[in-house]
1. Can you tell me, using C-alpha contacts under 8 Å and at least 6 residues apart, the relative contact order of the chain as a whole percent?
2. Can you tell me the orientation of helix 221-234 relative to the chain, as the angle in degrees between its alpha-carbon axis and the longest Cα principal axis, to the nearest 10?
3. With the other protein chains left in place, how much accessible area per residue, in square angstrom, belongs to the chain at a 1.4 angstrom probe?
4. Over 5 Å intervals from 0, what percent of Cα-Cα pairs in the chain sits in each interval?
5. Helix 98-110 sits at what angle to the longest principal axis of the chain, using alpha carbons and giving 0 to 90 degrees rounded to 10?
6. So what is the diffusion coefficient of the range 114-248 in µm² per second by Stokes-Einstein at 4 °C and 1.567 mPa s, using a Kirkwood Rh over Cα pairs?
7. For the chain, which whole percent of the accessible surface, found with a 1.4 angstrom probe, sits on carbon and sulfur atoms?
8. Test of understanding: what is the full-extension gain from ALA67 to ASP106, defined as 0.36 nm times their sequence separation minus their Cα-Cα distance?
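The values are calculated or read from the model by the stated rules, or taken from the named source; none is laboratory data. Just so you know, these numbers come straight off a predicted model, no measurement behind them. Here the Cβ is made from the backbone with ideal geometry for all residues, glycine too, and neighbour counts use every protein chain on show. Heavy atoms of the whole protein, side chains included, go into the accessibility calculation; ligands, DNA and RNA do not. Shrake-Rupley method; radii C 1.70, N 1.55, O 1.52, S 1.80 Å.
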Amino acid sequence: MSIETETAPAKAWKHVFWLSLLGTTGCVALSLGLNYLLLLSDALTPFGRSVITATLVPIVIGLPLFALLGWREVELRRYRQELTRSGTYDRLTGCLNGAVFTSMIDRRAARPAGPRSGAFLVIHPEHLASINLRFGLGWGDEALRLIASAIRSSVRKDDLIGRIGNSMFGVFLPGATKQEAKEIGERVREAVGQIYFAPKGDKDVLAIRVGGVVFEHELAFEDMFRSAEELLLEAQDEADLALSHISN
């Protein structure tokens, strides 16, 4: 034997029905009660009673009703903003998530405008696996948060930062020259190197590797990422930032 249960929409409409019925009943009762009390007063003329009724009933009913609707609107707007943010930004680091970051770059590359130069950096934290093994995943996440904060503090206002992997960041630098890209990359490296990171009281050093490409015409994400990642792997044992130029 199967037991039928109400679906969520049915429950919602049932709630709306009872709320509407009870609310309307309450409003009618309030109006009738107020009119009855005013009829007992000999000091008021019929016009005076009608003025009081016409004024008090909308105030008593409308003020709390519109206040409640306004509050709900504020709450709904806040929920929408939270949903938008959660769908746009990575919850751990606060950077753009990989899908949004990739989409924004690809849309820029697809625009039919003229040449748009710039640079793209790939940033890979060093020793993250070792941190996870020695201190736990929580401290690995904390290292990523600190590195993301250092990246944000080192780039320009209009630069895009995305988390493009579990332990990798991408930085899109529109309009940047090779020298500017190198300076930004070095600034990020220095900022990360200055982070105070002491999991469980043991001071540890955070470090990153940076690879990047400079381009004269904006490219699709995959084209830039592939070239930047190759440089990142080549520079695995090098201290200098690995940066090359892509001819389009």
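1. Reported relative contact order: 19 percent.
2. Relative to the chain, helix 221-234 is tipped by roughly 40 degrees.
3. With the other protein chains kept in place, the chain gives 63 Å² per residue.
4. 1, 5, 10, 11, 11, 9, 6, 5, 5, 5, 5, 6, 5, 5, 4, 3, 2, 1, 0, 0
5. Helix 98-110 sits at roughly 80 degrees to that axis.
6. Approximately 86 µm²/s, per Stokes-Einstein.
7. Whole-percent figure for carbon plus sulfur exposure: 61.
8. Taking 0.36 nm per residue and subtracting the Cα distance, the gain is 9.6 nm.
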